[in-house]
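Comments concern the structure below.
The values are calculated or read from the model by the stated rules, or taken from the named source; none is laboratory data. Just so it is clear, the model here is predicted, and its values are computed rather than measured. Using ideal geometry, Cβ is built from the backbone for each residue, glycine included, and neighbour counts are taken over all protein chains shown. The accessibility values were calculated without ligands, DNA or RNA, using every heavy atom of the protein model including side chains. Shrake-Rupley method; radii C 1.70, N 1.55, O 1.52, S 1.80 Å.
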Amino acid sequence: MQKRLLYLLLFIPTAFFAGGFQVNLQGQKQAGMGHTGTGLLLDQACIFFNPGALVHLDTVYGFYLGSSFIIPRTQYLEPAPGVYNAEPEHHIGTPFTIYAAYKVRSKDNMYLGLGVYTPFGSRVQWPDDWKGKFLIREIDLKTVFIQPTFSYKVNDKLGIGAGPIFATGGFLLRKALPVQDSTGQYGEGTLEGKAMGFGFNAGIYYKLNEKFSLGLDYRSQVKVTVRNGDATFTVPPSLEQYFPATHFTSAIKLPQTISAGLGYKVNKRLTLALDVNYVGWHCYDSLKIDFADTTSKLQNIHSARMYKNVFIYRVGGQYKINDLIIARLGAYFDSSPVNAGYLTPETPDQNKIGITSGVTFAISNRANVDVSLLYIEGLKRTDTNLETQFSGTWKTRAVVPGVSFELLW
């Protein structure tokens with residue numbers, strides 16, 4: 001019983017760090033083209049996609065503000081012959097992006113930039129009485145990356161750029177405990193904390209000629225550390241001494257990402273792009289949590305995750321209809337990093353196919369509005385978690401509209 005309590009209680013929100021909650025929505029033009037952008041210069045969002053391309057912008061100042069609206073639907077079905085099913089409460093996630101760029105006037109070959117974006121985050125709230133209540137009731141995850149950027153033009157064809165990343169965020173987790181009070185109500189545990197970490201982003205952008213451009217970008221691991229997180233428990237009075245309110249610490253590495261991209265300008269109207277992302281999720285092989293106060297039933301834990309490195313393949317294109325409107329289409333295939341035997345209700349991750357579209361409307365010579373629409377279809381997945389023995393079939397899909405405003409001068 002003691003071991004079971006620990007497993008069910010301390011299954012901390014891995015969704016905060018997992019591939020299924022990696023938010024790839026860092027630019028609306030790019031999102032409309034399958035989220036390509038490593039080898040193609042489109043706007044200030046290159047601060048994220050490839051800092052080496054920033055110096056090739058042809059404006060002195062640029063400002064970009066955007067947001068997406070994630071509308072997910074996830075379904076759980078218990079193993080046959082059972083017919084029980086459940087889904088989380090409906091909600092809308094709102095990741096955002098802010099970019100600012102400035103050309104150093106005294107140096108035509110230097111650009112400075114700042115990016116603020118949300119690469120990880122999600123919110124899931126299952127019914128309090130659902131079958132997996134001892135694993136998760138609610139999780140609310142937020143991350144913000146702040147990236148000052150420097151870009152240098154080596155020559156008319158080659159640009160390089162880099163910038164440090166400061167990561168900040170927080171989470172809230174609720175789950176039921178397998179103990180009941182005199183009224184039959186299950187106990188509950190809550191973990192809440194704030195996280196910080198550091199990393200960097202660096203890229204190289206090269207224009208082969210007027211038609212072809214290439215890009216290579218490296219986003220480093222970011223070690224996210226939670227210190228003095230709050231752990232509180234609601235249990236029958238007879239068990240309160242075993243589950244005291246306390247603090248905890250944890251540290252996990254978010255994966256490095258290596259991206260290679262190609263841009264091809266077919267003619268004055270049509271441009272195509274291809275990106276390949278290699279995401280180093282293998283660094284997330286285990287989860288460690290240390291409590292400030294432990295008891296015979298509340299102890300530190302080491303839980304295996306055994307994630308794997310994965311590739312994401314992306315294609316996209318844009319067509320200039322006229323001087324005021326540019327249309328975009330794209331698609332991608334995103335492999336899940338979660339190995340068989342390690343799927344959880346916090347990260348019911350599946351291989352995903354994304355279909356994208358988008359449009360740019362030129363308000364003036366200095367202002368644009370970009371809109372995008374993404375449809376994500378998760379491939380149905382059945383798994384049994386080796387640690388908790390929780391089994392089921394999972395199916396996820398999402399619709400993600402987005403909008404941004406760009407100002408140039």
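List of remarks:
- Conditions (1) among the charged types (D, E, K, R); (2) touching a strand residue (DSSP E or B) at 6+ places or on another chain (Cβ under 6 Å); (3) surrounded by fewer than 16 Cβ atoms within 10 Å (Cβ to Cβ): number failed by K268: (2)
- Looking across region 127-144, the residues that are of a type in the set (D, E) and either open to solvent by less than 10 Å² (accessible area, probe 1.4 Å) or assigned to a strand (DSSP E or B) (or both) come down to E138, D140.
- Residue count for region 31-66, restricted to those that are assigned to a loop (DSSP other than H, G, I, E, B), surrounded by fewer than 24 Cβ atoms within 10 Å (Cβ to Cβ) and not charged (D, E, K, R): 4
- Selection within region 209-256: residues that are more than 21 Å from C46 (Cβ to Cβ), in contact (Cβ under 8 Å) with a residue 12 or more places away in the chain and small (G, A, S). The member of this set that is most open to solvent (accessible area, probe 1.4 Å) is A245.
- Here S259 clears all of (1) more than 26 Å from G132 (Cβ to Cβ); (2) of a type in the set (S, T, Y); (3) open to solvent by 10 Å² or more (accessible area, probe 1.4 Å) except the condition numbered (3).
- Scanning region 145-157 for residues being of a type in the set (A, V, I, L, M, F, W, C), open to solvent by 40 Å² or more (accessible area, probe 1.4 Å) and part of a strand (DSSP E or B) gives a total of 2.
- Filtering R397, R366 for residues that are of a type in the set (D, E, K, R) and within 25 Å of V276 (Cβ to Cβ) leaves a single hit, R397.
- So T183, is it open to solvent by 20 Å² or more (accessible area, probe 1.4 Å), part of a strand (DSSP E or B) and β-branched (V, I, T): no
- Selection within region 292-334: residues that are part of a loop (DSSP other than H, G, I, E, B) and in contact with a Pro (Cβ under 6 Å, 6 or more places away or on another chain). The member of this set that is surrounded by the most Cβ atoms within 10 Å (Cβ to Cβ) is Y307.
- In the set (1) open to solvent by 50 Å² or more (accessible area, probe 1.4 Å); (2) part of a strand (DSSP E or B); (3) over 30 Å from K253 (Cβ atoms), L112 fails one condition alone, (3).
- Pick from region 373-385, criterion within 18 Å of the chain's Cα centre (by Cα) and more than 19 Å from A45 (Cα to Cα), ranking: most open to solvent (accessible area, probe 1.4 Å): Y375
- Among residues of region 335-372, those that are crowded, with 19+ Cβ neighbours inside 10 Å, charged (D, E, K, R) and not in a strand (DSSP E or B), counted: 2
- Selection count where residues are more than 17 Å from N351 (Cα to Cα) and out of contact with any helix residue (DSSP H, G or I) (no Cβ under 6 Å at 6 or more places or on another chain), scope region 389-409: 11
- Hits in region 322-339 (condition: among the small types (G, A, S) and more than 15 Å from the chain's Cα centre (by Cα)): A327, G330, A331
- In this structure, P88 does satisfy being assigned to a loop (DSSP other than H, G, I, E, B), surrounded by fewer than 24 Cβ atoms within 10 Å (Cβ to Cβ) and either touching a helix residue (DSSP H, G or I) at 6+ places or on another chain (Cβ under 8 Å) or not aromatic (F, W, Y) (or both).
- Where E406 falls short, out of the listed (1) surrounded by 17 or more Cβ atoms within 10 Å (Cβ to Cβ); (2) in a loop (DSSP other than H, G, I, E, B); (3) over 16 Å from the mean Cα position of the chain (by Cα); (4) acidic (D, E): (2)
- Any hit, region 228-250, residues being touching a strand residue (DSSP E or B) at 6+ places or on another chain (Cβ under 9 Å), part of a strand (DSSP E or B) and under 26 Å from D334 (Cα atoms): no
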